[in-house]
Structures are given as C-alpha cells and as structure tokens.
Amino acid sequence: MSPETPGQARVEMRAIRKVFPGVRALDDVDLRIFPGEVHALLGENGAGKSTLIKILTGALLRDGGEILLDGRPVDVRSTKEAQGLGISTVFQEVNLIPSMSVTQNLTLGKTGGRFGMISWRRARAEAQAKLSRLGVKIDIDQSLGSYSVAMQQLVAIARALDDETRVLVLDEPTASLDADETAALFGIIRDLKAKGIAIVFITHFLDQVYEISDRISVLRNGLLVGTGPTSEISRQQLIAMMLGRELGEVESAYAAHRKTGEGAEVLTARGLGRRRTLKPFDLTLRAGEAVGLAGLLGSGRTEVAKLLFGAIRSDSGVLSLEAGPVRHASPRRSIVAGMAFCPEDRKAEGLIGELSIRENIVMSMQAKGGWLRKIPRADQERIADEMIRALAIATPDAEKPVSQLSGGNQQKVVLARALASRPRIMLLDEPTRGIDVGAHAEIILLIRRLCDQGLALLVASSELDEVVAASDRVAVMRDREMIGEIASGAVTRDNIIRMIAGKDDGRG
Amino acid sequence: MNRKYIPLATTIAVFLALFLIGGAMYRNFLSTLVLGNILADNSFIIIAAIGATFVILSGGIDLSIGSMIGFVGVSMAVLDRMGWHPLASAALMLCFGILFGAAQGWIIDFCAIQPFIVTLAGLFLLRGACFMVTVDSVPIRHDFVQFYASLKVHLPGRGVLRSSALVMLASLAVAVVIAHFTRFGSNVYAVGGDRESARLMGVDIRRTTVSVYALGGFYSALAGVVYALYTSSGYPLAGSTLELSAIAAVVLGGTLLSGGVGMVVGTLFGGMILGLISTLIIFNGSLNSAWILISSGVLLFAFIVLHRFLVSSIGLRETQ
C-alpha cells in the first residue's frame, strides 16, 4: 500500500501461520516494525492481533513462517527467551500484584543473592532506576494497589523495560486511562521512541492511532488486510479495512427485500443509558423487522444488547415492552416477557459445553416456566428434535455434548435455545463470530426467515456486510454513544462507514 | 505510615488495650509473670499459627495442623517408650511434617484441588494415624523432659521465659526472615496476591505451593514437639480443633484470609490476644469458660469486618 520506511527493520515477521483446532488464526501474516517507530496494530476481536503478539513474545509457538530480529532469524520459544532478546510486553490487564509494594513488583523474580536472600537496599535501588527511566517519581515502598490504574500501568511498563529492550509491545495500554493519563503515557511512549525502541501499539481508539502512531497494520480474520504510514491512511479507509468482509452475492441479495418498518412496536427505549458504560439512547424494535447495530470494537454494541436484556442495569431512561414500562430489568424478567439474547461469547456466556444439545436448548424454557415446573423429558426431546431439524444442526442426536460440535453448529444451538422459548424479541450479538463462510450464509438466511415470521430482531455485529445483509434498519455506535440511525432505503456499507468516521471525514 | 502496617498496628493496639484493661481490673495482672505465662501456654498455638500464616498468605489454608500436633505427640511418646531420645524422635517428626506438608502441597497444585479439601483429608488421615499408634495417653519419661522444663530466662520483675516460649520466639525470628528477606517469601506474597500475575512475572507456582505447605507442615510438627514436651505426654486426641485456633490467631494478627496481605509478626500478637482473653476470664473466676470462646468469636468477627472495611477503603488489595 505504501513505500516502506527505509533501513533495516527491527522486527520482521514473515508469512506467520498459526492454526488452532478448527480455526486458522493467522494466515501468512507479514509484519515489519522499525526502530524508533510506533506501529499501531488494529483489528476487531478475533482478528488475530493477540495471536500475532503472543507469537512475537513467545507466549505461543508459530506453526509456520519466520521471525527476524535486526535481520537475524530468531526462535522465540518462551516469554523469558523473548525478554532475553529484548522483546518486552505489557498486557492489557496490569499483570502485577496490587497488594505488594512497588519495589517488590518491579523486582519480583529478578533479584536474589546467595541462598535466595533478598537485599532490599539493592532491590530498591534497582526499582528506583527502572522508574527513573520513565521519569516517574513515586514512593516505591507503598503498595502498588494504592496508586491509580494509570500509575500501575506505568509501573508495568517500567518492569518490562530494561537497557536491552529493543521492542516494546503495548496491548491496549490506554483502555482504562482517562485523557490526562493517556497524554502522560503518550509522552513516555514518545521518549522511548526517541531512544530508538520499536513500539507495537494495540488499541481500538482510532483517535489515539492517529495521535501517536507512525504506521498502521490491520488484521482481519487472521489475514493482514493492509499496512502503511498513518499519514496515508484515512479514517474511512481504516474503518473499511477493519470491518469489511466481502460476503457472497447470495447474502447481499437478501438486502433486496428490505422492509420499511410497519410492524407493531414491541420494544422502545427512551434515553436508556448507564454512566461510564453507555450514553443514553433511543431505540425502537418492531415486529417483523431486523435492526442492525454497527460500530467498531468497544463502541458499545454489546452493551446496548445487554442493557435491553437487563444483563446490565441501566441508570437512566425508560425501557418499554408491549406490556408497558419495565422496572428493574433482569435477564429472567426479560425472558418471561418474551425476549431472548444470544451473547457474543458462546463459551463464556451462552452455552454450557458439558451439557447435551437438548439440555442447552431447554434451559431458557425452564427459566421461563419457573424452577419448580420441570419440563417433561418427552417434551424436551420433542422440542430438541424439532429445533435440530429446523436449524439443520449437524449432529447424530440431541444427547451429544455441545462442546463436541463445530462453531457454526454451536451457534445454531444458541439460536435454538433462544427460539425454543418462543420469543417475540431476539437480541443477537455477533451471531456469526468464529464460524465458517457456509454456516455464515445459513445463519443470515435464518435471521431473515425469523423476521418474516414476525419476530423483532436486533443484530449487533462487527462485520459490516453482515449488518447490511441481515438488517432492515441500522443503528450506528461510536465511542459508547448511538450516533444515528440509517433508514431502510439508505443501508449500505459506505453510508455506515461514513457515519462511523463522522467528524473527521476526509482525514488523511 | 505505610498502609500495609495498619492491620498490624490495630492488632498490637488491641493486645495492649486488653492487657491494660486486665491491669485496671486485677492487681498483679500487668506484670512480666502474666506475660511470660501467656507466652509459654500459647507457644504451640503460635508456632502452628506461624506456619499457617505462610499458607494463608499464599492464598491457601491448612486444616491438618491439629491432627499433626496430636500425631507428633503420640509418636514421640511411643518412641520414648521404645527408648528413643526425645531430640531424635523430634527430628524424625519434623522431617515427617515437612514431607507430609509437601505432599499436601503437591496434590493441591498438581491436581488443582482446593486446599480446604486436601488438608481436610490430611486432618482425618493424621487423626486416624494417632489412634493407630496408640489409643491411650502415653507419658514421656525421658530425663530430657525435666531438663527442658527447667530451662528458663529471667525477665525483669518476677516473670520468666520458659523453653517453649524461647523455641516459639526463635521460630518466629526465622519466619520473619523467610517472609521478608528471601525470594521464597516474596513469591508466597506474590502467589497469594495474584496467582496468575505471579505466574506471568516468572514465579514458579508449583515450587512455591509445595514449599509453603512443607513449611506449614514443619511448623505444625514443631508445635507438636513443643506440645508433647510441655505436657510430657502423647494423647491421641491432643490438638483437636487447634487448627481453627491457629487460623483465628493468623486472622487476628492482621493477615487477610484471601491471601497476599499480612505479616508474620502479627500472628504472634494474634495468638497472644487469644491467650489474653482466656487469662482475663480465668482471672475473673466467676465467669465460666464458655466466655473464652464467646469473646474470641466476637473479637474475630469484629476483626474480619474491620479487614473488609480496610480493604475497601484504603485500597490494601485493590485490583483494577
């Protein structure tokens, strides 16, 4: 896409491949990072960012490709080896121990004289030296937990850095910092950059990408989709790179019969919001209509769905269903009121892997019916078989544990479970995350069919084409705010991208 | 003052307050004689509690302490009958304590089983072993026991430090060095503070876990030795529920049950507070001994609430 910065790359990753069972996490990814540059690595959840970083820092072993450090091939087999080579990482969560002192956090596992004794005088001097490298002055005898998250972050960076550091990887370092703290961190990043350290900066804040980075690389579904100088990539191009995925023509064809929203209002949110999570928003769902929810990672897509479902409590606004306003929303009440929610993270929130398909499917019906009235086994089997047939779940029988199904089929079980309780409103968060293209098309088709049967749908997705293909209207999210709605006539990729890019439209 | 000393300071303040209350209520209470007796009478609990402090600091728990004390007692008594010198049998039992603790630690880490269950199994196992060794109370008759009982260091006033108290203070000194001046000590705090972070920071979790239970086993066995020599006998039911007193002493000493925060010195004062409460009630004469347990319970409860409050208000253990 652009000319390379001249000179020898500090790190060159060539044709890196990594395969997890059933998933190609990285496919021939190339990445070059130069001394004294801040290289922003971008991509949605599951794009392969963390896998790539873990391979660079020795936390994962690559299945193919090679890594060159200052032109010499290296084999990084553990984080310790990576550190020995001068590659340091600061992970998203501050991986330190808040109950221990700053000194202990900076020197744990690194000091020790004869017989495993520790000289605190030496340790304190060492800690002081590490902090002064970043120009940080704090009382190193206090416990780390007594400092702000921003300071803890700096201590984590100080721990990662030493005189040998050549590459510093910062994974979402600003996720929990406010504006001033971020500015302070950027000051330090610029200092490190001036010292010739190559910095990899992972973030989902586009403003910060343009503020601090020299070059950008974008990953999507395990592929490198673009790389180049920050000054040459516009915001719109960047968003298109991150969200775009060309779907087959079949899927785009569904977009043809887009409805205009004549159905009855089944859910209305007025000024619904939660402090620090989501700014107040208005949203209406109608029977027989699918509303898409588009936005970048961290823009608040999932939060909208969870707020509507009652999985997160709102602290402002009113949520009304057909029966009237909802007080004290909770998942159980929502299910009873005819709502169903398919969460993004199937494993953590959706399915229970050890239980069978049947047990997973009847779970939400059980919640609706109450704990005391057990659903007869025969009914359970009938419903499960019906769903397996209706959604074409590939399994020999309903008793197979869900964990043994493929990703696409697991997702169908999530849908089946939601459908089994005969909901009138369905909230789908990333309905096609981590499933292959064939199953992808099937699920979109399924969504459209559900709509035709009079269900009101909300589809939150990081894949623009999916949103475009599946929904009649699209609500657009940015920085935890619903910034607008695109009416049925105007739902296109470009319109959505333009709205997300918003204020800085023609930049770059 | 550094925030981490607040729980310890609270413990010491409570100890001094109780001691002064006793002094105000009873003549002769405020003396080195009372202090020396409390130290001697509670030395085995405090020794066991020192080991438990390490285990609790690492985020674990050890319920096998009381049974270990009983088992060490009966074993030493039976070995005495067979003609062993008490020091030789003590050395053997200390080695057994280390190995038994290490085995518990290994099972806890390797099989990823809750320490509560593993050491509960240890509790039953060792108590059963006590009855396998003997079902009777067996005296220890070796001359060394008399010699041990006669050792004492005079304190100013009429008080004395008996040999049990001396052993306790020595083992406390060793524990302080281990906790605060060795890599192992730092690792224990790190594992208890945040296990996953500790692993990422290069701490060998398995080695630390095995070592910490081995150390706990050593201190339990040492408590058993001191108890056996102090009572000059072994009795298969000795030490029942002592693990709970030891845990109480650790908590009263300012160590958080969730791990990572606390100091070994605090445990000394925690144990002394328990001792002071029973001494106060015995001095009174009119209250029955049920009040010892009731007031210990009330105080323990107050301390746990206080810890909760300290944790949330001063960020003693704040995670982001």
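The values are calculated or read from the model by the stated rules, or taken from the named source; none is laboratory data. The structure displayed is predicted, hence computed values, not measured ones. Heads up, the Cβs are rebuilt from the backbone with ideal geometry, glycines too, and the neighbour counts pull from every protein chain shown. When the accessible area is computed, the model is the full protein with side chains, heavy atoms only, and any ligands, DNA or RNA have been set aside. Shrake-Rupley method; radii C 1.70, N 1.55, O 1.52, S 1.80 Å.
So the values come out like this:
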{"read-out": "Tilt relative to chain A, helix A:179-194 - C-alpha long axis, 0 to 90 degrees, to 10", "value": "50"}
{"read-out": "Computed over region B:161-225: relative contact order in percent, which uses C-alpha pairs under 8 Å that are six or more apart", "value": "19"}
{"read-out": "Inter-chain shielding of A:100-109 (mean C-beta neighbours from other protein chains, 10 Å cut-off)", "value": "5"}
{"read-out": "Relative contact order (%) - criterion: Cα under 8 Å, at least six apart; region: region B:3-314", "value": "35"}
{"read-out": "Average partner coverage of B:176-186, which counts Cβ from other chains inside 10 Å", "value": "4"}
{"read-out": "Crossing angle, helix A:357-369 versus chain A [Cα axis fit, 0-90 degrees, rounded to tens]", "value": "70"}
{"read-out": "When each of A:Lys49/A:Lys193; A:Lys80/A:Lys193; A:Lys279/B:Lys4; A:Lys54/A:Lys279 is checked by Cα-Cα distance, pairs over 27 Å", "value": "A:Lys279/B:Lys4; A:Lys54/A:Lys279"}
{"read-out": "Distance-filtered residues of region A:301-322 - backbone nitrogen under 15 Å, label point 7 angstrom along A:Arg332 Cα→Cβ", "value": "A:310-311"}
{"read-out": "Net lengthening on full extension, B:Asn284/B:Phe301 (0.36 nm per residue, minus Cα-Cα)", "value": "3.8 nm"}
{"read-out": "For A:Gly298, distant residues with modelled amide H under 5 Å away", "value": "none"}
{"read-out": "Loop trypsin sites (Lys or Arg not before Pro), region A:160-236, which have at most 13 other Cβ atoms in a 10 Å radius of their Cβ (DSSP)", "value": "A:Lys195"}
{"read-out": "Kyte-Doolittle at least 0.5, axis length at least 30 Å by Cα - qualifying DSSP helices, chain B", "value": "B:32-57, B:86-110, B:205-231, B:264-284, B:290-314"}
{"read-out": "Stretch in chain A that is longest and holds no GluC sites (Glu not before Pro) that DSSP places in a loop and that have at most 10 other beta carbons within 10 Å", "value": "A:1-245"}
{"read-out": "Residues of region A:458-486 with amide N under 15 Å of a point placed 7 Å along Cα→Cβ from A:Thr492", "value": "A:465, A:468-469, A:486"}
{"read-out": "Computed accessible area, B:Trp291, all protein chains, 1.4 angstrom probe, square angstrom", "value": "120"}
{"read-out": "Angle in degrees between helix A:437-452 and the longest Cα principal axis of chain A, rounded to the nearest 10", "value": "40"}
{"read-out": "Beta bridge orientation in the protein assembly as shown: antiparallel %, DSSP, nearest 5", "value": "60"}
{"read-out": "Accessible surface, 1.4 Å probe, highest first, among residues A:Ile483, B:Ile65", "value": "A:Ile483, B:Ile65"}
{"read-out": "Mean projected area in nm² (Cα convex hull; one quarter of hull surface) for region A:46-200", "value": "10.6"}
{"read-out": "Loop sites in region B:190-264: trypsin sites (Lys or Arg not before Pro), DSSP, at most 15 other Cβ within 10 Å", "value": "none"}
{"read-out": "Heavy atoms of B:Cys111 accessible to a 1.4 Å probe, total area in Å² rounded to 10", "value": "70"}
{"read-out": "Chain B, accessible surface, carbon-and-sulfur percent (1.4 angstrom probe)", "value": "69"}
{"read-out": "Accessible-area ranking of B:Asp109, A:Asp207, largest first, probe 1.4 Å", "value": "A:Asp207, B:Asp109"}
{"read-out": "Candidates per trypsin sites (Lys or Arg not before Pro) in region B:1-82, loop by DSSP, up to 10 other Cβ within 10 Å", "value": "B:Arg27"}
{"read-out": "Residue-level accessible surface for A:Lys110, protein heavy atoms, 1.4 Å, Å²", "value": "80"}
{"read-out": "Simple Cβ-charge dipole of the protein assembly as shown, Lys/Arg +1 and Asp/Glu -1, about Cα centre, in debye nearest 20", "value": "1860"}
